[in-house]
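A short write-up of the structure that comes next.
The values are calculated or read from the model by the stated rules, or taken from the named source; none is laboratory data. None of these values were measured; they are calculated from a predicted model. So basically every Cβ, Gly included, is an ideal-geometry build from the backbone, and we count neighbours across all protein chains shown.
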Amino acid sequence: MNRFRVSRFIFHNIMRVLYAILTSSYYYLRPYSAVKHLLLHYDQGFGFDLCKDLTNMSEDDLKRYCQTLYSKETFRNIAFGWRHYPSIMMQADILYLLVRHMRPDNVVEVGVGAGASSVMVLEALSDNEHGHLYSVDLWDANIPNKGILVPSRLRKRWNLIIGSAEECLQGLLDKLGQIDIFIHDGGHTYESMTFQFETAWSHIKRRGILLSHDIYSNSAFFDFLKKRNLSPSVYGGLGGIKKR
Ligand SMILES: C[S@@+](CC[C@H](N)C(=O)[O-])C[C@H]1O[C@@H](n2cnc3c(N)ncnc32)[C@H](O)[C@@H]1O
């Protein structure tokens, strides 16, 4: 290795450790504005405001859920990076807090990838000892291990459906009837997002929520809101709407 590669390696790893320490303790660090500014995309109350907006979660609830979450190996795998996966914290941790608090019967998500969002939902369902997650993702020969971050102990509350949202979502929702939470994180075209929001919305229970990742990919999320006169809670690229 030449000197440049060695110093890049050292720098990268120092940043990884710093990032991991900050993310895995940010409930406690959030009063410090310097930390907020360092983690720019956590600037909207670290996502805790979104949780409080969408549910009636109190500070005590938040603190309790965060304490449990930060002690989990699956959480550390996501925050620190897992084997060849880099740190992929994104907003998956927020899903744990929402699912703990809402105690849903059924959660449906589109877009599994490595499974950061799935594993956070499944950890919460497991801690609730209640509920089931149905995930839809395309078959992709280049990524055969969809949901690789989900350990086998969490898979009994999980159905992974291989296919596109366009093919599978309507049938799945008709079978389930009503759902508590819908999570969009796959198929970020205008058409696919609109189709998923429209299809899921009529199946979401009163006081249930629709969550969308990558809301700024195009105007689908905001057009959907406008059509129904709804206002969202936003945290970075994650948007949430509560059904009144
Ligand atoms: C950004 S990744 C999901 C990341 C995941 N939520 C996580 O937290 O690790 C997007 C996933 O959506 C899937 N996808 C893309 N278009 C889709 C569609 N039309 N229907 C279902 N899944 C789709 C891709 O195969 C990919 O695995």
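Test N128 against the criterion of being surrounded by fewer than 20 Cβ atoms within 10 Å (Cβ to Cβ), farther than 18 Å from I215 by Cβ, at pLDDT 95 or above and not aliphatic (A, V, I, L, M), and give yes or no.
Spelling it out, N128 is indeed surrounded by fewer than 20 Cβ atoms within 10 Å (Cβ to Cβ), farther than 18 Å from I215 by Cβ, at pLDDT 95 or above and not aliphatic (A, V, I, L, M).
Those residues that are within 14 Å of the ligand (Cβ to nearest atom) and within 17 Å of the chain's Cα centre (by Cα), I need them from region 125-153; list them, please.
L133, Y134, S135, V136, D137, K146, G147, I148, L149, V150
Need pairs with beta-carbon distance below 9 Å; first residue more than 14 Å from G111 (Cβ to Cβ) and within region 153-169, second more than 8 Å from the ligand (Cβ to nearest atom) and among the charged types (D, E, K, R); sequence gap 6+ or separate chains.
L154/E123
What's the total number of residues in region 214-224 that are crowded, with 17+ Cβ neighbours inside 10 Å and either closer than 17 Å to L138 by Cβ or away from the ligand (no atom under 16 Å from the Cβ) (or both)?
The total comes to 2.
Within region 166-213, work out how many residues are more than 19 Å from the chain's Cα centre (by Cα), exposed (fewer than 14 other Cβ atoms within 10 Å of the Cβ), farther than 17 Å from L225 by Cβ and away from the ligand (no atom under 14 Å from the Cβ).
Final tally of qualifying residues: 5.
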